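The values are calculated or read from the model by the stated rules, or taken from the named source; none is laboratory data. On a predicted model such as this, the values are computed, not experimentally measured, just so you know. Reconstructed Cβ throughout: ideal geometry from the backbone, glycine too, with neighbour counts over all protein chains shown. Side chains included, ligands, DNA and RNA excluded: accessible areas come from the protein's heavy atoms. Shrake-Rupley method; radii C 1.70, N 1.55, O 1.52, S 1.80 Å.
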Amino acid sequence: MKRAHRRVHLLLWPVVYLTAALGLVAAMRAAPVEPVSEIPSAILTEDS
Amino acid sequence: MGATYKAVQWNGNKVVYDLYVLAALAAFIGVFMSVGLMAHPTGHTADPVVLLIRALGCAAFLMLTIILLIGPFARLNRRFLPMLYNRRHLGVMTFLVASAHFGLSLFWYHGGGPLNPFVSLLVSNPLYNSAPGFPFEAFGLAAFAVLFLLAATSHDFWLNNLSAPVWKALHMLIYPAYALLVLHVAFGALMTEKSPVYPALMVAALSLVSGAHLCAGLQEWRRDSGMKGVKATQGWIDICDPADIPDGRAVIAPLPSGDRVAVFRKGVRIHAIENACRHQNGPLGEGCLKDGLVTCPWHGWQYRLEDGVSPPPFSERVATHDVQLSAAGRVLVRVKKNPLGRAGAFIDLGAAP
C-alpha cells in the first residue's frame, strides 16, 4: 500500500467505529419497540 | 493476473472455493430458519419469507464482516495471506446475497401497494426524527448502493482503467458502508429484540473489525514513523548487512519519499525493486521468489527481479533500484528509482572481494 492510502485507512476507522457505535447506542436506548403489524405497502394503500 | 479479460476469473481452486462458500451459505440459511421457527413459532417472524429475508441479511453482514477481517489479519499474521487470494469472489458473492435480501424485502414489504416499490421504500416511513421508528431502510439502501458500485467495479478491467490508487480509494467506501449496515440492523431488526445477546453480538463484530483495522494501521504507522530517521547519503541509503536478507526473501526498507523498497536476495545476488505491486499496491517485499520471480503475497502477480517486468505474456512493470556494497560491506540502495523496464545494478556476493 502507498503511504497516503495507509494514512486514510487508519484515520477512517475511528470515524466508522464511532459513527456505528453511537448509532447502535441511540437505537438500543429506544428499543425494544413492538413489531409493526402491517407491511408498509398495506399502510400506504389504506392512507391513499 | 491475466493477460486477457475474462468476465469471471475462475480457475480450479476458485471454483472449489465458490462451491464451499455456497454450501456454507445454504447451511447457514437452513440453520437460521430452523432455529428461528423453533424460537418464534408464532407472530411476524414466524413467516418463512420474513425469516428468509432476515437469514439473507444476516448472512450478508457475516460475510462482509469476514471480508473486512481478512485484510488486517493478513497484515498482522502471514498465515492469513492465502485468504486474500479469493477475497474478491467472496465480496461479489456477498453483494449477490445482499441483492437477494434487498430484492425480497422490496417485493415483500413494498410490492403490493399502489406506489412503485422503490418510491414506497423511500416514502412509506417519514419518521426521520424518531429513534424508535427511524426508517432503517435508508441505511440499508445506502450501503447496498455502495456494494453495487464496488461489485460492478471489482473486475481487473476497472482496476486497470481507474489505476490502482483510484480503485483502492473507491473500494475504501466499504468501510463507511459497514457502519451503515450496523445502523441498518440496529434501527431495524434489533429494535424489536428484547434479548441483549443480539446487540452484544453486533458490538462484538464492530469492535473486532474496527480493532483489527486499527491494530494493522498502527503497525504500519509505526513502520512509517521510522522513515523520518532515514537520510540518504549522496543519493544512497544504508539498508542492512547482506546476511540479514534470507535467500529467496526480501528486507523492506523505507525511502525518504515515504515509499518503500524491497531488497531481495536470490542466491549470491541482491536486487532491489519498489515495494508496491502494480495490481493493488500489495507489499512485494512480503512475498517470496517462486520460479525465480518475485511473487506478490496478495494475488500472486509476478515480476522478474532483474528488470521488474512481468514475464510474457504479461506486461506489468515495477521500477528497479540500483544496489551496491559499501566499503564496510553493507547493502546500499539508490534512492532514485530507475525508469520502468530498466535493469538495476545488483550486488554479486560471489564476485565481491
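Projecting the Cα atoms of B:W298, B:V123, B:L68 onto the dipole axis of the protein assembly as shown, where Lys and Arg carry +1 and Asp and Glu carry -1 at the beta carbon, places B:W298 farthest toward the positive end. Rounded to the nearest 10 square angstrom, B:D259 shows an accessible area of 50 square angstrom against a 1.4 Å probe. Each label point was placed 7 Å from the Cα along the Cα-to-Cβ direction; for B:I66 and B:V119 their separation is 4.1 nm. With a 1.4 angstrom probe, the accessible area lost at the A-B interface totals about 3800 Å². For the residues of B:66-73, the average number of beta carbons from a partner chain within 10 Å of their own beta carbon is 1.
Distance from the Cα centroid of region B:133-182 to that of region B:297-344 is 34 Å (rounded to whole angstrom).
Per the Kirkwood formula applied to alpha carbons, region B:310-353 shows a radius of gyration over Rh ratio, Rg over Rh, of 1.09.
Averaged over the residues of peptide B:105-115, the number of Cβ atoms from other protein chains lying within 10 Å of each residue's Cβ is 4. Within the listed set B:A232, B:A59, B:A272, the Gaussian network model of chain B (springs between alpha-carbon atoms below 10 Å) gives the highest mean-square fluctuation for B:A232. Based on Cα contacts under 8 Å between residues 6+ apart, region B:1-90 shows a relative contact order of 26 percent. Taking every alpha-carbon pair under 8 Å whose residues sit at least 6 apart, chain B reaches a relative contact order of 12 percent. Largest GNM mean-square fluctuation across B:N11, B:N125, B:N338, computed for chain B with C-alpha springs under 10 Å, falls on B:N11.
Shape analysis of region B:1-98 yields a ratio of the Cα radius of gyration to the Kirkwood radius, Rg/Rh, of 1.08. Applying a DSSP loop filter and a limit of 11 other Cβ atoms within 10 Å to the chymotrypsin sites (Phe, Trp or Tyr not before Pro) in region B:1-110 leaves B:Y5. Span-like helix check, chain B: qualifying full DSSP H segments, with Cα axial length of 27 Å or more and mean Kyte-Doolittle of 0.5 or more, are B:12-39, B:48-76, B:87-110, B:197-225. Mean partner shielding of peptide B:128-135, defined as the number of other chain Cβ atoms within 10 Å of each residue Cβ, is 3. Mean sequence separation of contacting Cα pairs (under 8 Å, at least six apart), scaled by the length of region B:137-231, corresponds to a relative contact order of 32 percent. Secondary-structure-derived ellipticity at 222 nm for chain B, considering helices only, amounts to -15500 deg cm²/dmol, per-run term -39500 (n - 2.57) for DSSP H runs with n ≥ 4.
Accessible surface computed residue by residue for the protein assembly as shown, with neighbouring protein chains in place and a 1.4 Å probe, gives 49 Å² per residue. Between B:L19 and B:W221, the distance separating the two model label sites (each 7 Å from Cα on the Cα→Cβ line) works out to 4.5 nm. Expressed as a whole percent, the accessible area of region B:1-159 that falls on carbon and sulfur atoms is 75 (1.4 Å probe). Each residue of region B:284-300 was assigned a 3J(HN,Hα) from its phi angle through the Karplus expression (A = 6.51, B = -1.76, C = 1.60, θ = phi - 60°), giving 4, x, 8, x, 9, 8, 10, 6, x, 10, 5, 10, 5, x, 7, 9, x Hz with x at Gly and Pro.
Remark on chain B: B:C58, B:C215, B:C240, B:C288 stand apart, with no other cysteine beta carbon under 4.7 Å. Of the residues B:K14, B:K168, B:K194, the one that moves most in a GNM of chain B with alpha-carbon contacts below 10 Å is B:K194.
With N counted as the residues of chain B, its alpha-carbon radius of gyration over 2.2 N^0.38 Å works out to 1.23. The candidates B:R342, B:R269, arranged from most to least accessible area with a 1.4 Å probe in the full protein assembly, appear as B:R342, B:R269. Of all the accessible heavy-atom surface of region B:244-353, with the other protein chains kept in place and a 1.4 Å probe, what percent is carbon and sulfur? The C+S portion of the solvent-accessible surface of region B:244-353 is 52 percent. Modelled label positions at B:A328 and B:A142, each set 7 Å beyond Cα in the direction of Cβ, lie 5.5 nm from each other. Scanning residues 5 or more positions from B:R269 or on other chains, those with amide H under 5 Å from its amide H are B:L349, with H placed 1.01 Å from N in the peptide plane.
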